[in-house]
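Colleague: Have a look at this one before I ask anything.
The values are calculated or read from the model by the stated rules, or taken from the named source; none is laboratory data. Source: prediction; values computed, not measured. Cβ coordinates were reconstructed from backbone atoms using ideal geometry, including for glycine residues, and neighbour counts include every protein chain displayed. Heavy atoms of the whole protein, side chains included, go into the accessibility calculation; ligands, DNA and RNA do not. Shrake-Rupley method; radii C 1.70, N 1.55, O 1.52, S 1.80 Å.
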Amino acid sequence: MSYLANKTRVSSLTIGGVDYADAFKEWSVTDTSAYKSGCIQTSGSLTLGTAPGGALIEDYDRNNFKRGAEVILELVEPGGSAYRHPRGFLYVINCSYDIEQEVLEVEIGCRLVLMTL
C-alpha cells in the first residue's frame, strides 16, 4: 500500500513530546509482512537537520531520542484540516548523529519492531 500526499505539509513532528517540525528533512517507512505468521511490520528512517533558532538535535547523552520514544507525524491539507499520517505513530529504535553534515538519522519502527529487540 502506498500513500501519496502531494499538497500537504508537515504541521508537527513530535518525538518524545518535543516538536521537531522545523528540523524535519526526510521520512521514509516501509511495511514488511510475514505471510505465514500474519504480521505486518513498519520500519524506516527519519532525518532531522539543524535549523536556525530551532530545536537542538544533538543528543550526546541519548535522552531526547531514546529507544521507545513515540514518533508522531501530523500533516495539514491545503484546506486547513490536520490529520495524522497513516504511518504517523511509530517508535524510536536507534539514532546516529553525523557531526560533519549536522543531521540526525533516527531509525523508527512499529511496536512489533520494537518488541523484536
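Colleague: Can you give the helix-only mean residue ellipticity at 222 nm for the chain, where every DSSP H stretch with n ≥ 4 adds -39500 (n - 2.57) and the sum goes over all residues, rounded to the nearest 500 deg cm²/dmol?
Modeller: For the chain, the value works out to -1000 deg cm²/dmol.
Colleague: I'd like to check one number: the per residue accessible area of the chain, probe 1.4 Å, reported in Å² as a whole number.
Modeller: 63 Å²
Colleague: Next question. Using a 1.4 Å probe on the protein chains only, how many percent of the accessible area of the chain belongs to carbon and sulfur?
Modeller: 49 percent
Colleague: Follow-up question, since we're still on this one. Using a simple spin-label model with points 7 Å from Cα along the Cα→Cβ vector, what separation in nm is obtained for Ser11 and Glu70?
Modeller: Here the answer is 1.7 nm between the modelled labels.
Colleague: Could I ask something else about it? Could you compute how much accessible surface Arg87 exposes when probed at 1.4 Å, giving the result in Å² to the nearest 10?
Modeller: Accessible area, nearest 10 Å²: 60 Å².
Colleague: With label points built 7 Å along Cα→Cβ from the Cα atoms of Thr116 and Thr32, find their separation and express it in nm.
Modeller: For the pair Thr116/Thr32, the computed spacing is 0.4 nm.
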